[in-house]
Structures are given as structure tokens and as C-alpha cells.
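Here's the structure, in C-alpha cells; my notes come after.
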Amino acid sequence: MGRGFFLGNELMAYAAKAAGASSFYAYPGTPSSEILSSFQKYAPERYAQWALNEKLALELAAAAAISGSVSACAMKQVGLNVAADPLFSVAYTGVSGALAIISADDPGPHSSQTEQDSRMYAYAAKIPVTDPANPADAFRLTKKAFEISKKYGVPVMVRPVMRVCHSRQSFDLPEETEAPRHGRFVKDPSRWAATPKHRAALHIKLTEKLKEIAEDFYSELEIKPKAPFAVVACGYPAAVCADMKDRFEGSADFIKLDMPYPIPEGLISKIENSYEKILVLEETFPLLERSFVTRNRVYGKDTGTVPSAGEFTADSCENALNLFMEKKPENKKIYAPAETAPGPKPRLCAGCGHRSAFFAIKRAAPSGIYPGDIGCYTLGTNLKAVDTCICMGASITFAESLKRENPEKPVICTIGDSTFFHTGIPALLNAKINGSPIAVAILDNATTAMTGFQPVPHAEGHITIEQTLKGLGINSVTVIDPYDIKASVAAVKAAIAAAKEENCPAVVIFRRECVTKTKMKAGKPPKVNPGCTDCGMCYEVFECPAITFNGETVEIDGASCNGCLCCVEVCPRGVIAEDK
Ligand code: SF4
Ligand code: SF4
Ligand code: SF4
């Protein structure tokens, strides 16, 4: 394939091809989203699927690997929570082909609800996990994950962080790749359908394998002490620290460990016995650090030498090294989450249908409670139309329970089309069978917009949202164009009334394609007539980024305006008008 400047995500996809993966499953989520699309690009003849959620992605890949095929799945770290159930089980059953599970973490967090450490899932589930430091490492350690999986018959996790997924590095893609490996399912109920009795035996086998894997992986690593101290690092912090080696050369040896779990006991004792003190650098949880038993000579997150939260940065590395080497720490800011993120505040695009849907919901029920969900439309918080945001699908479950606790209030939740299919369906069914009188707004933009426009099932013609709702027994379903604000307000009011009357969720589907994906203008920009009172409704409350206030009146940027004309309806003075 030749030399190029590749993203970490692209190199992990290519590693899957090189290792003979015949199938790859994923659910999109930043920072992992480009992995599956890269696999499709590099191996168009092999099977790739955007599954409806991460649990399905992992189960599909696991079933292929149980059949003797080489398979992979990818997701972001919070997606691994959704996939946790099969993750723990498949650790015990193992695979007969190979299975690599790529879980991309988001320390910071930049675009996630948490900055959880997927390696802790690997540790809890007893799954080996590799921790790449940079894109080249991501290739090498993904390939290695497949090798371990093939050799020992266990699933193996690869845990890149955002800085690895989204960094580019010059790299030679190897010409030689393994042919896609397909297998055949061989029945073995004591393994693939193991009862608790057999599970105990599988657990014992797994524990034995982990010891062998640890020894095998580190068989070529020699610890040859040259300095009194050691800096032990894995993952992205190892890349940051490698650039600062001159700060501790001669005083401390640098040891990079690529697989934080499992680690051979002998290696840990060797490091402990070879150095007076040890600094451990890793993201985000002190997994490696806690492998060391001589706690009073080990420095890291537990001693406060390294920050326990947030992204590992050059500044935090420098501070940690200074503290460890007992140099006078420079007064550098370690990590403190910014009170407001640098740069412009994220906003829905000009002409985004979600904005007018939120506006209509608030106008229909100004005293309502608005549970929200995960997607572009989480930005409904800016419009004060999202009161809660917990995890995928939680808008509907939160709505059900919040309504029970606050029966006097209208409760209108918002969920995107992709999220509805991901985990919204069981939540809505639960609300239905428990007679919950909530209004559910499905914001249908026919794509998974936030993560890069991955496909959704109804846009591909497999099913409609309306058919799904019918199957769930939802009778009150209204489809509305959110650009029609008057009709949208009426639809939300009617849904609130129908839910109350029927003691059942009522649904409004706000249907308008994502304007960023389609790049279609709805019409001409409106004109601004004299009489603006700077009430702020259009540019502050409605927050259309195409509208600014110039000190006297509002201006509409014709280039970014989509011509949706929603601002015409929004302006209380009637100053903004259609330009006929
Ligand atoms: S990408 Fe699409 S869905 Fe997301 S804010 Fe922009 S227009 Fe709306
Ligand atoms: S018509 Fe108004 S609301 Fe729509 S994109 Fe243009 S300025 Fe924004
Ligand atoms: S909503 Fe109307 S009156 Fe208010 S700032 Fe905008 S143009 Fe001016």
C-alpha cells in the first residue's frame, strides 16, 4: 500500500485487515468512529457492519470468532458499558478464531459523558489489553492483539485514547496481509453454552492462560538497570514522556510497557527490586501503578504525583517528573478542567431542524421537564430544552420516572433516530407497558450526525420508525417538519394531551434531514426590516449561528444561513421577514 500519513484509527483498521479479519462490527462514537469506515476502505471485499449498538457489535464479532473466523469490533469507551454483558461472558468461553475488541477512550473528556478507562473493564473481565502510545503502536499492538487471540483462544482488547486515534503518523503500510480467515461453527456446549458448572472450569483455564500470555508477551523485555530510579509508562503517556527523556536521563531508566494487563509477577518484582523508586505514568486509572506491591516506593496517581483526572499532558508529565526527581517544581498548571472550553461555544448548525423542534417543545410546554439524550441534540442544553443527559437511550427512561415523581408537570423527552434504535426501543416499551403519560420527541435527521453521518436503519429502507412504534403499541404518533414551528407546537401540545388521556407515551417525530449532511439550502436567507429591539430572541435564545447583532440591528450571514425561515416565526417583533 505504501507510505502515508495515517490516523491511528486508520492503522488499527489496516492491522485488522493484515491479521486476516474477515468481519468487523462497530457502533460509531468519537474517538472510534473512523475505524470501521477505514476497514471498509482498505478491505472493501470483507464484511463490515454498523450494528445498532455496541452490545450487538461485540456479540456479532464474538459469534464469528467462536466459529473460527478472525473478527473485530470497535466502539468508544461508554459504548463498552453497553457491551459489558457479552464482554465478561466471552472472556470465559474464549474463541476458536480470533477476536479483537477496540475500545477507544476519551480522557479529558472531549466528547463523552465520562473519562473512564476501558482497561479496567479488561482487568475486571480478565481480558488481555494492549495500550498503544501512538498511531504506529496502534498498528503493531492491534496486530499483536489478533496474534494473542489466535494463539490462546481469548478475546483481546486494544485501548487507544483519543490522542492516538486522531493523531497522524508517517507509516509504511505493509503490502502483505493475511487472507480473510473464515471458520465453521463446531458444536461444543460445554464451552459455547456453558452452564455454571462448566463456567467455573472455563474460569480456571482463563486464569492459567492469562499467566502464559503475560510471560509470552514480555518474554523479550529485559530490565537492565543503569540508573537508580525508573519511569514506567504505558499508552499515550509513554509517548509524551519519551519526548522528555532528557529531563531524567542518567537518574532514571525509561521502561515502556505495552500491555498493562496481564503483567507477569516476575517482571513487577524485577522492576521493584532493581530501582530505589518508580514513577508510573498512564491514563486514566492507576491500573499499572497498582500492580506494584511495594507501595511506598511507587509514585503516580495514588501519591498525587500525577493528576488522577483529566488528560495526560506535557505539563502534567513535566510536573510529575519534577516531583519524582525532587527538582523544584516549576509553577506550571497541571490539569484543571477549563471552566468553559476554549474557542466558540458549540452550537447546532444554522438551519438544523433540532433547533426549531426544541423551540416548539419549549413553547408548547414552558413549565415542562425535558430529559435529553446523546447526539448533536445534546446541545439543546444551550436552548434550555435539555434538563438531563445521562447515557444513550436514558431520555425515555428518565422521562418515565421523572413523570412518576412529578405528575403535575408535562414531561417531553428528546431522542435522535440513531439513539432510538440503539437503546430507545426497550425504554419506550417499558414506558408503554407501565402506562407512562410522557411525550417523546424523536428527532429524525436520517443519519448519525454527530459521529460522521453513519447510516441509520430507516434511512436505508429496512424499516420505518412508524412501523417500529406501531409494533411497540404506540397509538399516538405524529410526523412533523420542525421548520413548521406553529404546527410543531400544536403537535407537541396534542401529544401531551394524548399521553395524559391514554396513559401511554405519545410520540412526535420531528423529521428533517441533517442540513450539514445534505448541504441543501432550504431557501433564500430572510431579510431584516427596521424595528429590531435587540431582544436577543433570534441570536441568543434561538441561537442561530447565522444571526449576529451588530449593535443596532441583527445581521444574517447569507453564506451560512440555510433559509429555513424559522427565525421569521421566532422574532417577536416581526422584524425578520421572508425575502420574496
Ligand atoms: S450536524 Fe446535522 S444534526 Fe448535527 S447540528 Fe448540524 S445540522 Fe444538526
Ligand atoms: S433562515 Fe434564519 S434561522 Fe434559518 S438559518 Fe437562516 S438565519 Fe438561521
Ligand atoms: S428577535 Fe427580532 S427583535 Fe429580537 S433581536 Fe432578533 S431581530 Fe431583533
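We did not get these values from a lab; they are worked out from the coordinates using the rules stated. This one's a predicted model, so the numbers in the text were calculated from it and none came from an experiment. Cβ atoms come from the backbone with ideal geometry, glycine included; neighbour counts cover every protein chain shown.
Numerical summary
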{"quantity": "Under 5 Å, built H, 5+ apart or other chain: amide partners of PHE549", "calculated": "GLU555"}
{"quantity": "Cα centre as origin, Lys/Arg/Asp/Glu Cβ charges: region 242-307 dipole, Debye", "calculated": "200"}
{"quantity": "Mean projected area in nm² (Cα convex hull; one quarter of hull surface) for the chain", "calculated": "30.5"}
{"quantity": "Cα-centred dipole magnitude for the chain, charges only on beta-carbon of K, R (+1) and D, E (-1), debye, nearest 20", "calculated": "880"}
{"quantity": "Cα-based convex hull, region 196-253, per residue volume (Å³, whole number)", "calculated": "112"}
{"quantity": "3J(HN,Hα) from dihedral phi, region 343-359, Karplus parametrisation 6.51/-1.76/1.60, rounded to Hz, x for glycine, proline", "calculated": "x, x, 5, x, 9, 4, 5, 4, x, 5, x, 4, 4, 6, 4, 4, 4"}
{"quantity": "Net +/- balance of residues flanking ALA239 in space, Cβ distance below 10 Å, scoring K and R +1, D and E -1", "calculated": "0"}
{"quantity": "Principal-axis tilt of helix 8-18 within the chain, Cα atoms, nearest 10 degrees", "calculated": "60"}
{"quantity": "Principal-axis tilt of helix 485-502 within the chain, Cα atoms, nearest 10 degrees", "calculated": "80"}
{"quantity": "Region 2-217 - convex hull of alpha carbons, volume per residue in Å³", "calculated": "106"}
{"quantity": "DSSP-loop GluC sites (Glu not before Pro) across region 12-79, with at most 11 other Cβ within 10 angstrom", "calculated": "GLU45"}
{"quantity": "Three-way shape label, region 114-154, alpha-carbon gyration tensor, a/c 1.5", "calculated": "oblate"}
{"quantity": "Residue pairs, from the table LYS41/LYS432; LYS384/LYS493; LYS41/LYS150, whose Cα atoms sit over 30 Å apart", "calculated": "LYS41/LYS432"}
{"quantity": "P(r) of region 79-153 over all Cα-Cα pairs, binned every 10 Å from zero, in whole percent", "calculated": "18, 49, 30, 4"}
{"quantity": "Degrees separating the helix 265-274 axis from the principal Cα axis of the chain, which is the longest one", "calculated": "70"}
{"quantity": "For region 353-518, with +1 on Lys and Arg beta carbons and -1 on Asp and Glu, the positive-most of CYS391, PHE421, GLY380 along the dipole", "calculated": "GLY380"}
{"quantity": "Loop-located trypsin sites (Lys or Arg not before Pro) in region 377-439 whose Cβ has at most 16 other Cβ within 10 Å (DSSP)", "calculated": "LYS384"}
{"quantity": "Förster-model FRET efficiency, 56 Å R0, PHE549 and ASP172, C-beta, rounded to 0.05", "calculated": "0.55"}
{"quantity": "GLY108 long-range amide H proximity, modeled H, under 5 Å", "calculated": "GLY310, GLU311"}
{"quantity": "Which of LEU11, GLY343, PRO437, positive extreme of dipole for the chain (C-beta unit charges)", "calculated": "PRO437"}
{"quantity": "Calculated from backbone phi, Karplus (6.51, -1.76, 1.60) coupling profile of region 386-394 in Hz, x at Gly/Pro", "calculated": "9, 9, 9, 8, 10, 6, 4, x, 6"}
{"quantity": "Cβ-defined net charge surrounding VAL489, 11 Å radius [Lys, Arg +1; Asp, Glu -1]", "calculated": "+2"}
{"quantity": "Neighbourhood net charge (14 Å Cβ-Cβ; Lys/Arg +1, Asp/Glu -1) for GLN40", "calculated": "0"}
{"quantity": "Rg(Cα)/(2.2 N^0.38 Å) for region 229-324, N = residue count", "calculated": "0.96"}
{"quantity": "Under-5 Å amide H pairs with PHE254, H placed in peptide plane, nonlocal only", "calculated": "VAL231"}
{"quantity": "Percent of C-alpha pairs per 10 Å bin, region 527-577, short to long", "calculated": "28, 66, 6"}
{"quantity": "Shape of region 450-491, Cα gyration tensor, a/c cut at 1.5", "calculated": "oblate"}
{"quantity": "For region 364-468: rounded, prolate or oblate by the Cα gyration tensor [a/c cutoff 1.5]", "calculated": "oblate"}
{"quantity": "Karplus 3J(HN,Hα) series, Hz, for region 542-550 with 6.51 cos²θ - 1.76 cosθ + 1.60 (x for Gly, Pro)", "calculated": "6, 6, 6, x, 7, 10, 10, 9, 9"}
{"quantity": "Candidate lysines - alpha carbon under 18 Å from LYS151, same-chain residues fewer than 8 apart omitted", "calculated": "LYS17, LYS126, LYS143, LYS205, LYS209, LYS211"}
